[in-house]
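Read-outs: derived from the displayed coordinates by stated rules, not from any lab. Quantities reported herein were computed from a predicted structural model and do not represent experimental measurements. Neighbour counts are summed over all protein chains in view; Cβ atoms, including those assigned to glycine, are modelled from backbone coordinates with ideal geometry.
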Amino acid sequence: MEVTVQWIRTSWTKASRGGQAAARRNAVPVGFTVPQLPCSFAHVVRMHERDAFAPRVGREEPSRVDVQLREAGGRLRVLPRVQPLFAIPPRPRRPPAVCLVPGQWVRWQLNYRFSSAAGMRGWSYWLDTFNIAYGPVNADVFLSAPTVVIDEQGPVR
């Protein structure tokens, strides 16, 4: 069965934590049109503060996307990995995996906060959005409302 994976990573620093910069960051899309890719690739979009959150589009092998996908019994089991383990916010209890039937899709969001090992640089942040559809879909599938939404964002102060 066909699986469509879109991985969006938005990255920023403390400079985009408030005011107009935060408004620009919060206005970035959480879904994009999917280009015509072979099923063996994931659509990857990166947006960073240093580029004024302009989308940079690429593709990755599914094994490089931080999400577990398992197909069994006509269903697709979806569970993003939380990596690295030292990232903040802590996630003591994660939601269970989502099982999709053909024609459904999930939007799953996780956020992180990092500091340099020596504490010499300021905090940096990122938000991962995984849009995953099971079965044949149109290119604009991730511009519509998802079947399932999992918001696993925590406080990053």
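Dipole magnitude for the chain: about 660 debye, using +1 per Lys or Arg Cβ and -1 per Asp or Glu Cβ, origin at the Cα centre. Cβ-to-Cβ counts within 10 Å put VAL149, VAL65 in ascending order as VAL149, VAL65, the fewest first.
Ordering VAL5, GLY122, PHE53 by Cα displacement along the dipole of the chain toward the positive end leaves GLY122 in first place; charges were set at the Cβ atoms of Lys, Arg (+1) and Asp, Glu (-1).
In plain terms, the chain from ASN26 to LYS14 could stretch by 2.9 nm, reckoned as 0.36 nm per residue minus the Cα-Cα distance.
With the simple spin-label model, which puts each label point 7 Å out from Cα in the Cβ direction, the ILE88 to ARG70 separation comes to 3.3 nm. Shape index of the chain: Rg/Rh, with Rg the Cα radius of gyration and Rh the Kirkwood radius from the inverse mean 1/r over Cα pairs, equals 0.97.
Highest mean first, the peptides 53-59, 8-14 sorted by other C-beta atoms within 10 Å per residue fall in the order 8-14, 53-59. The 3J(HN,Hα) values that the Karplus relation (6.51, -1.76, 1.60; θ = phi - 60°) gives for region 40-56 are, in residue order, 7, 10, 9, 7, 10, 10, 10, 9, 10, 3, 4, 9, 6, 6, 6, x, 10 Hz. Gly and Pro appear as x.
What is the gain in length, in nm to one decimal, between ASP51 and MET1 on full extension, counting 0.36 nm per residue of separation less the C-alpha to C-alpha distance? Working it through step by step, the gained length comes to 14.3 nm.
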